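A.B. asks: Quick one: structure below, then a few questions.
Any read-out appearing in this document is the output of simple, stated calculations on the displayed coordinates, not a laboratory observation. Just so it is clear, the model here is predicted, and its values are computed rather than measured. Positions of Cβ are backbone-derived with ideal geometry, glycine not excepted, and every protein chain shown enters the neighbour counts.
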Amino acid sequence: MNLKQASCAVTRARGGVLSGAPSGAQQPGKMTPVWFLGTGPAPTPATRYVPLREFRQGLDELGYVDGRDVVIETRWADGRIDQLPALAAELVGLRVDILVGVGAVVARAAKSATTTIPVVMAVVIDPVNLVAERPGGNLTGLTTFDPQGARKKLELLKEVVPGLARVALLGDQALRDTMGHEEQARALGLQPQSLKIAGASPDLRGVFQAMERERADALLVLELPATVAHRRRIAELAAQQQLPTLFAGALSDAGGLLGYGTRVTKAARRLAVYVDRIVKGAQPADLPFEVVVRPELIVNLKTAQEIGVTIPPEVLKRADRVIQ
């Protein structure tokens, strides 16, 4: 079996291959328990978790009412990724029909906890390996993975940072790889420096000291749990070192110089479509992963001025959004 077969026919779509309609298959009075498992702290009104909000909105658009058709409960790891397997196992022990979440670490924790309960995920990595670990299993969902994404981000940094030679790659210790960024950096003649953080209180100053020692010319921040949680502090420390940064599209609110990529929120709302199909009787193994690739380029001119970088006119022309 090759990887394409193992992926259960991962499907590329712009705008989606699945369509949803208000659920007419729900039995009167029957509610479907849906648990949303998250990596960060429990959101408050002041710190909304956008993917969860988008998922709820997607269900609303399909005619579901929380408390009537579904019961949406949540569990949060509070930044402690190592706690996810225990949290997933706890949920499996409860009355749960479907597990939902965002991120590969959540997906792997849920898959390890159950082989029978449907798991619906939005991930930023290639889902082929996730599915290949157990083809025909209980995992499905969406991905914003772009095979050319790593190269495009590095090429963008080369455009903006004259003489770029050394690029730091900041990721999460919980993940096994840097999603091909090291290989692509070397292919473009760059020297990568891979750094990883973990936990609720990572040593970010130590990480930036390591970048300074290696004389990094720019920082590429990967869209992973720990970097998402600490994005604003990462951008702040980078600005102090006058280090140009490129964040994934979903992290463009951090205050970094550049943002590029597909926001995971583009996929989060469509998680509801998969839940709807499963509620109506579909099996996860019969629902191919949908690939949502709609990259956006964000340029922060305020940050550019602060760190003394001039954005080339050609890059500004391509920008989907410019922050003044």
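A.B. asks: Just one of (i) 21.1; (ii) 19.6; (iii) 20.4 is Kirkwood radius over Cα pairs in Å calculated from these coordinates, so which is it?
C.D. replies: (iii)
A.B. asks: Next question. How far is it, in nm, from the label point at ALA210 to the one at VAL315 when both lie 7 Å from their Cα along the line to the Cβ?
C.D. replies: 2.5 nm
A.B. asks: Ordered by packing density, taken as the mean number of other Cβ atoms within 10 Å over each peptide's residues, highest first, how do 117-129, 53-65 rank?
C.D. replies: Numbers: 117-129: 23.6, 53-65: 17.6.
Descending mean neighbour count gives 117-129, 53-65.
A.B. asks: Taking the alpha-carbon distance from LYS280 and a cut-off under 14 Å, which aspartates and glutamates remain once sequence neighbours fewer than 8 residues away in the same chain are dropped?
C.D. replies: ASP69, ASP97
A.B. asks: For n ≥ 4 DSSP H runs only, could you compute -39500 (n - 2.57) per run for the chain, divide by its residues and tell me the 222 nm figure to the nearest 500?
C.D. replies: -9000 deg cm²/dmol, from helical runs alone.
A.B. asks: So which lysines can LYS152 reach, going by Cα to Cα under 18 Å and dropping same-chain residues fewer than 8 places off?
C.D. replies: Those lysines meeting the cut-off are LYS317.
A.B. asks: Here's another thing I want to ask about it. Using +1 at the C-beta of Lys and Arg and -1 at the C-beta of Asp and Glu, which of LEU142, VAL221, LEU251 has the Cα lying farthest in the positive direction of the dipole of the chain?
C.D. replies: My answer, from the dipole projection, is LEU142.
A.B. asks: Cβ neighbours within 10 Å, averaged per peptide: list 251-257, 148-154 in order, most packed at the top.
C.D. replies: Packing proxy ranking, top to bottom: 251-257, 148-154.
A.B. asks: Expected output is a single nm value to one decimal: the length gained when fully extending between ILE323 and THR74, i.e. 0.36 nm times separation in residues minus the C-alpha distance. What is it?
C.D. replies: Length gained, ILE323 through THR74: 86.3 nm.
A.B. asks: Right, here's the next one. With springs connecting C-alpha atoms under 10 Å apart, model the chain as a Gaussian network and identify which of VAL264, VAL291, VAL34 has the largest mean-square fluctuation.
C.D. replies: Among VAL264, VAL291, VAL34, the largest mean-square fluctuation in the Gaussian network model of the chain belongs to VAL34.
A.B. asks: Calculate one ³J(HN,Hα) per residue across region 202-207 by plugging θ = phi - 60° into the Karplus curve 6.51 cos²θ - 1.76 cosθ + 1.60, and present them in order as whole Hz with x for glycine and proline.
C.D. replies: x, 7, 5, 5, x, 5
A.B. asks: Further, regarding this structure: Residue by residue through region 269-284, which ³J(HN,Hα) values in whole Hz follow from phi under the Karplus form 6.51 cos²θ - 1.76 cosθ + 1.60 (θ = phi - 60°), with glycine and proline marked x?
C.D. replies: Along region 269-284, the couplings run 5, 6, 4, 4, 5, 5, 4, 4, 4, 5, 4, 7, x, 6, 9, x Hz.
A.B. asks: Cβ neighbours within 10 Å, averaged per peptide: list 161-167, 224-230, 209-215 in order, most packed at the top.
C.D. replies: Highest-to-lowest ranking by the protection proxy: 224-230, 161-167, 209-215.
A.B. asks: OK, next. Gain in length, GLN241 to ARG294, computed as 0.36 nm per residue apart minus the alpha-carbon separation, to one decimal in nm?
C.D. replies: This chain segment gains 15.9 nm when fully extended.
A.B. asks: Estimate the FRET efficiency between SER112 and ARG53 by the formula 1/(1 + (r/R0)^6), using the beta-carbon distance for r and 41 Å for R0, to the nearest 0.05.
C.D. replies: For SER112 and ARG53, the calculated efficiency is 0.90.
A.B. asks: While we're looking at this one, here's another question. Taking 0.36 nm per intervening residue step and subtracting the Cα-Cα distance, what contour gain separates SER194 from VAL65 on full extension? Don't jump to the answer; show the numbers that get you there.
C.D. replies: On the way: separation 129, 0.36 × 129 = 46.44 nm, distance 4.49 nm.
In short, 41.9 nm is gained.
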